[in-house]
Amino acid sequence: MQTSERKKPNYLNAEHTVASWLLTVDHKRIAILYLVSITLMFFIGGLMAGAIRTELLTPAGDLMSSDTYDKAFTLHGIVMVFFFLIPSIPATLGNFLVPLMIGAKDLAFPRLNLLSWYVYIVGATIGIVATVTGGLDTGWTLYTPYSTAYATTNVVLPAIGIFITGFSSILTGLNFIVTIHKMRAPGLTWFRLPLFIWAHYATSIVMVLATPVIAITVLMVVLDRGFGLGIFDPKAGGDPVLFQHLFWFYSHPAVYIMILPAMGVISEVIPCFSKKRIFGYNFIAASSLSIAVIGFFVWGHHLFTTPQSMYAAMAFSIISFAVAVPSAVKTFNWAATMYKGSITFEAPMIYAFGFMGLFLVGGLTGLFLGALGLDLHVHDTYFVVAHFHYIMVGGAIMAYMAGLHFWWPKITGKMYPEGPAKAAALIIFVGFNLTFFPQFLAGYAGMPRRYHYYPPEFQIFNVLSTAGASILGFGYLLPLCYLLWSLRHGREAGPNPWGATGLEWMIDSPPPPHNFDTTPVVNWEPYDYPAAHRDAAKDAVPEAASV
Amino acid sequence: MPKHSYNPQAAVRAYLTVFSCLMGFTALTVAAAFVDLGPMNNVVAMAIAVTKAVLVAMIFMHLRGGSPLNVLWISSGIFGFMIMLAFPLLDLLSRNILGIPGK
Ligand code: HEM
Ligand SMILES: [Cu+2]
């Protein structure tokens, strides 16, 4: 701390009171508020995952009752999806970096940004309280007619929690869109934007257009359940499949809310540690937008086993194949970026490698599931569970870890310890695969999801999976320890420890309260690696980076 | 709206005109409800509603004279909404069209 106190104040030490945090409108402090809250959520969700895996160690349902088990996986799903993964990268790294990367002093609507955090906290608290007071056993998908007519658990409160949290993500999306349109530094044209910004722009479109639908859908569940409105009740002329249409109209695009920002992180990390210009910049930028758009047309692939008409199913199946194309475009471009680069293996890069491999497996198995005939066999089995964990944990959380390590020096001014970080990345990779790969096999062999007991022939897969989960859990605890340790004992980072390009690396670490003393003027192309010496604004020029 | 210098009197006049139009259309909706036009009932009601919505968007929400970007964003919202209606309808209307269960 001594060195930074000698210098200009930064956003962390400019003010110290609790109120200066809870009432802050600084996007960087709000990012920290989000970081702390979603970390808490991650551990609540993780605890439930531990409970699930422990139960599944043996074929008999011996640790908890069916009811308790149902509540455990529902809480796990709701917390991880709505309260952790959806806000994860956008609300922490995105909040912190979007203004820095475009040379702005803050987001367009700083107060709205703070409001989004409070809205999130209220929604998440209601969600958690609901589970303490009875729990919910519908699964995170809240399918009707179970949720509207039969479930005896507490459906209404968590639904309201989801409803409220949705608004926080709409506010974040809105803020990003306006900021990216209106507040770019002079010279920072659209095609000079970091791909992280493109990814967040695409994500914001999805947030703003899709989230209202989930809000209204869960509200309809509440109305059906509380007042017998009958929207989803055939006896009243309603249709339970309509719920699935509406739910997935949001929730498929929502999976892209989770993965697009992750792809944005990877597009920053890979060129930096390959010391090479990104390959196919325009294609990566355009593929983010096309994923956002095509992602709105594929939701019916979750309804292949319902009475959905087979013609609709065929259309949805074909479009699901199409949506894999832009993801593949990105993957090929990342690979081409690394080709003949001078690659170094710092922890963020190891996570990025993990992302690429695991996302590939997740995406390709998505195509298996998108194939009409095969899906009838594996629908609602552990194959599906493995598919989406490969993408959401292997993809999105890996990228989140990559980003957290990559920008940790910028956020805190301190380096994390490289040795433990590399070890953690490898442990997480190994633990992850051991946890989820056996689930592909179990699912393909026919083990259905969401039961707490199973035929003994599946035990081998489950023992492997539980063993992997304990390694994975240990792996996630490591960063919690050494990152906190580094706050006090970490080496001073300096403005640009990685020799990275991008405006955020041209100011002090941690950044000053208002980011840029003078507005930078951008007259260079993005990702002009190797080297990062240039004139942003005269006094924003960093010392030459030492790696 | 940087291109338009703001003229409060003209703006208030525009708002009042639109407001009376909206009221007029509301009366029209009520009147139309008393006339049975058969299959045209919905068409007429929707036509009136859409006209009102367009007025609100153009004048009260300043789409007219505003940046084309705002038009783009509103259109994409409407487009999204259309997808949400169209695909479930595609499902509903093409169920059992061959008269064979499931086909
Ligand atoms: C390459 C593009 C993808 C395709 C073609 C695809 C396809 C599918 C299909 C067909 C299913 C339904 C399987 C079933 O229930 O029988 C499914 C489930 C799922 N996918 Fe994907 N997927 C893709 C990418 C993603 C991404 C990027 C994510 C998340 C970030 C994701 C998350 C999920 C989730 C959460 C489910 C299961 C939801 C549930 O039933 O609980 N998928 N996927
Ligand atoms: Cu999907």
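The set of residues in the range A:62-93 being more than 16 Å from ligand 1 (Cβ to nearest atom) and within 16 Å of residue A:258 (Cα to Cα) consists of A:91, A:92, A:93.
A quick yes/no check of all residues on (1) within 14 Å of ligand 2 (Cβ to nearest atom); (2) part of a loop (DSSP other than H, G, I, E, B); (3) closer than 28 Å to residue A:174 by Cα:
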{"residue": "A:259", "(1), (2), (3)": "yes, no, yes"}
{"residue": "A:262", "(1), (2), (3)": "no, no, yes"}
{"residue": "A:277", "(1), (2), (3)": "no, yes, no"}
{"residue": "A:283", "(1), (2), (3)": "no, no, yes"}
{"residue": "A:289", "(1), (2), (3)": "no, no, yes"}
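Put simply, of B:81, B:25, B:19 the only residue that is surrounded by 13 or more Cβ atoms within 10 Å (Cβ to Cβ) and under 30 Å from residue A:240 (Cβ atoms) is B:81.
List the helices (runs of 4 or more DSSP H) inside the range A:22-113, counting only whole elements, that have at least 3 residues being under 22 Å from residue A:432 (Cβ atoms) and of a type outside the set (Ser, Thr, Tyr).
Details: elements: A:27-55, A:66-78, A:86-89, A:95-101.
Hits in the range A:22-113: A:27-55, A:66-78, A:86-89.
Among the residues here, residue A:416 qualifies as under 30 Å from residue A:13 (Cβ atoms) and either within 10 Å of ligand 1 (Cβ to nearest atom) or not in a helix (DSSP H, G or I) (or both). Entry remark, the range A:190-216: residues being farther than 30 Å from residue A:244 by Cα and not hydrophobic (A, V, I, L, M, F, W, C) number 2 in total.
Looking at A:256, A:250, A:281, just one residue is within 13 Å of chain B (Cβ to nearest Cβ), surrounded by 21 or more Cβ atoms within 10 Å (Cβ to Cβ), under 30 Å from residue A:333 (Cα atoms) and not polar (S, T, N, Q), and that residue is A:250.
More than 14 Å from ligand 1 (Cβ to nearest atom) and within 14 Å of chain B (Cβ to nearest Cβ): which single residue out of A:342, A:309 fits that description?
From the options A:342, A:309, the qualifying one is A:309.
The residue that is nearest to residue A:240 (Cα to Cα), among those in the range A:302-348 that are in a loop (DSSP other than H, G, I, E, B) and under 27 Å from the mean Cα position of the chain (by Cα), is A:303.
Picking from A:231, A:270, which residue would you name as being away from ligand 2 (no atom under 12 Å from the Cβ), within 14 Å of chain B (Cβ to nearest Cβ), among the β-branched types (Val, Ile, Thr) and buried (at least 19 other Cβ atoms within 10 Å of the Cβ)?
Working: A:270 fails: within 14 Å of chain B (Cβ to nearest Cβ).
Sole residue among the options that is away from ligand 2 (no atom under 12 Å from the Cβ), within 14 Å of chain B (Cβ to nearest Cβ), among the β-branched types (Val, Ile, Thr) and buried (at least 19 other Cβ atoms within 10 Å of the Cβ): A:231.
More than 16 Å from ligand 2 (Cβ to nearest atom), more than 14 Å from chain B (Cβ to nearest Cβ) and within 30 Å of residue A:282 (Cβ to Cβ) - does that describe any residue in the range A:381-391? No, the range A:381-391 contains no residue that is more than 16 Å from ligand 2 (Cβ to nearest atom), more than 14 Å from chain B (Cβ to nearest Cβ) and within 30 Å of residue A:282 (Cβ to Cβ).
Regarding the range A:330-341, can at least one residue be identified that is surrounded by fewer than 18 Cβ atoms within 10 Å (Cβ to Cβ), away from ligand 2 (no atom under 16 Å from the Cβ) and of a type in the set (A, V, I, L, M)? Checked the range A:330-341: at least one residue is surrounded by fewer than 18 Cβ atoms within 10 Å (Cβ to Cβ), away from ligand 2 (no atom under 16 Å from the Cβ) and of a type in the set (A, V, I, L, M). In the set (1) under 22 Å from residue B:75 (Cβ atoms); (2) outside any helix (DSSP H, G or I), residue B:52 fails one condition alone, (2).
So that you can scan it fast, the table gives a plain yes or no per residue for (1) among the aromatic types (Phe, Trp, Tyr); (2) at pLDDT 90 or above; (3) in contact with a Leu (Cβ under 9 Å, 6 or more places away or on another chain); (4) closer than 23 Å to residue A:414 by Cα:
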{"position": "A:461", "(1), (2), (3), (4)": "yes, yes, yes, no"}
{"position": "A:498", "(1), (2), (3), (4)": "yes, yes, no, yes"}
{"position": "A:515", "(1), (2), (3), (4)": "no, yes, yes, yes"}
{"position": "A:528", "(1), (2), (3), (4)": "no, no, no, no"}
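Residues in the range A:4-63 that are hydroxyl-bearing (Ser, Thr, Tyr), under 29 Å from residue A:472 (Cα atoms) and either crowded, with 19+ Cβ neighbours inside 10 Å or free of Cβ contacts under 8 Å to residues at least 24 places away in the same chain (or both): A:34, A:37. Just the residues that are assigned to a helix (DSSP H, G or I) and more than 14 Å from chain B (Cβ to nearest Cβ), please, taken from the range A:180-210. Hits for the range A:180-210 are A:191, A:192, A:195, A:196, A:197, A:198, A:199, A:200, A:203. Taking the numbered list (1) in contact (Cβ under 8 Å) with a residue 40 or more places away in the chain; (2) under 30 Å from residue A:358 (Cα atoms); (3) touching a helix residue (DSSP H, G or I) at 6+ places or on another chain (Cβ under 6 Å) in turn, residue A:251 passes all entries but (3). Residue-level check: of (1) crowded, with 19+ Cβ neighbours inside 10 Å; (2) out of contact with any Gly (no Cβ under 8 Å at 6 or more places or on another chain); (3) of a type outside the set (Asp, Glu); (4) within 13 Å of chain B (Cβ to nearest Cβ), residue A:220 misses just (4).
Quick grid of which residues meet (1) surrounded by 13 or more Cβ atoms within 10 Å (Cβ to Cβ); (2) facing another protein chain (nearest Cβ under 9 Å); (3) on the phi > 0 side of the Ramachandran plot; (4) part of a helix (DSSP H, G or I):
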{"site": "B:58", "(1), (2), (3), (4)": "yes, no, no, yes"}
{"site": "B:63", "(1), (2), (3), (4)": "yes, no, no, no"}
{"site": "B:71", "(1), (2), (3), (4)": "yes, no, no, yes"}
{"site": "B:87", "(1), (2), (3), (4)": "yes, yes, no, yes"}
{"site": "B:99", "(1), (2), (3), (4)": "no, no, yes, no"}
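A search for C-beta distances below 6 Å between a residue of the range A:394-406 that is among the hydroxyl-bearing types (Ser, Thr, Tyr) and any residue that is part of a helix (DSSP H, G or I), counting only pairs 6+ apart in sequence or on different chains, returns A:400/A:88; A:400/A:89.
Answer yes or no: is there a residue in the range A:292-306 that is away from chain B (no Cβ under 14 Å) and buried (at least 24 other Cβ atoms within 10 Å of the Cβ). Please lay out each step first, then the result.
Taking the range A:292-306 first, the residues away from chain B (no Cβ under 14 Å) are none.
Checked against the condition, which is being away from chain B (no Cβ under 14 Å) and buried (at least 24 other Cβ atoms within 10 Å of the Cβ), the range A:292-306 yields no hits at all.
Scanning the range A:349-368 for residues that are buried (at least 22 other Cβ atoms within 10 Å of the Cβ) and either within 10 Å of ligand 1 (Cβ to nearest atom) or over 19 Å from the mean Cα position of the chain (by Cα) (or both) yields A:359, A:362, A:366.
The values are calculated or read from the model by the stated rules, or taken from the named source; none is laboratory data. From a predicted model like this one, the values you see are computed outputs, not experimental measurements. Neighbour counts are summed over all protein chains in view; Cβ atoms, including those assigned to glycine, are modelled from backbone coordinates with ideal geometry.
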